[in-house]
Structures are given as structure tokens and as C-alpha cells.
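Notes to accompany the following structure.
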């Protein structure tokens, strides 16, 4: 083979290697972002259930103005995105949610007040 042909083969191999590396990087970045978005969606779903519980009267299965006693189905707490846990504040008027990635990317934490507003989103890990 001539030198020109060898040079073209080496150049082709390098271009393919760079394309594969870029593809892997893009996929990994997309995977982390997708998992983060999924966890935030799970937090929104569970927080809306928590506020519904907070707002309902105790005789109707609610918290009657407190988050104490709130619980949901295990399928909602743990899914393909990760696991969601929560801790009710001392007065029962606030609740802190923590969503942990199933893939080890990190956690998302937020606090919901007595008006049902999620505040103070804190991201840790690769998020």
C-alpha cells in the first residue's frame, strides 16, 4: 500500500474513534439529565399528593392541616428513576422530600410549606 492509503486509513480510524467518544459523552450527559428530570417529576407528583392529604379533613382520610401521617403507595415511592423519602417538620406544617437516583447520579431535595409550594431545591452529585 502506498503512504497515502495508510494515511487515509489512520485518519479514518481516528475520526471513528472521536465520533464514538463524542457519542458516549452525549449519551451519558443525556442519561443524567433524564434521570434528574424524572426525579423532579416524581417529587412533583408526591408533593401534590402530600398537599392533598394536608388539605383534607381527618374524617376524610386527610391530615387536617398537618403532614403528619402522610404516606403513599410503594410504587410511587420507588420506581425506575429512584427512591423518594420524606421527613415531616416539627410542627407538621412543612415536609422535606429527598429523591435519590437509582443510578447513583445524586439526590434532589426540596421543602414544601403549608401552602403547597416547593422551595429550596438542592441538587447533589452529578446533578
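Each reported figure results from applying straightforward, stated rules to the coordinates on display, with no laboratory input. A quick note: this is a predicted structure, and the numbers were derived from the prediction, not measured. Cβ placement follows ideal geometry from the backbone for every residue including glycine, while neighbour counts extend to all protein chains displayed.
Observations on the structure shown:
- Approximate shape of the chain as ellipsoid semi-axes (Cα gyration tensor, √5λ), whole Å, largest first: 50, 12, 9
- Packing rank of 15-26, 90-101, 59-70, 113-124, where each peptide gets the mean count of other beta carbons within 10 Å, highest leading: 90-101, 59-70, 113-124, 15-26
- The alpha-carbon positions of the range 78-127 define a convex hull whose volume is 73 Å³ per residue.
- Nearest-ten-degree value, helix 3-55 long axis tilted from longest Cα axis of the chain: 0
- Residues of the range 36-64 with amide N under 17 Å of a point placed 7 Å along Cα→Cβ from residue 72: 36-56, 62-63
- Only helical runs count toward this figure. For the chain, summing -39,500 (n - 2.57) over DSSP H runs of n ≥ 4 and dividing by all residues gives -16000 deg cm²/dmol at 222 nm.
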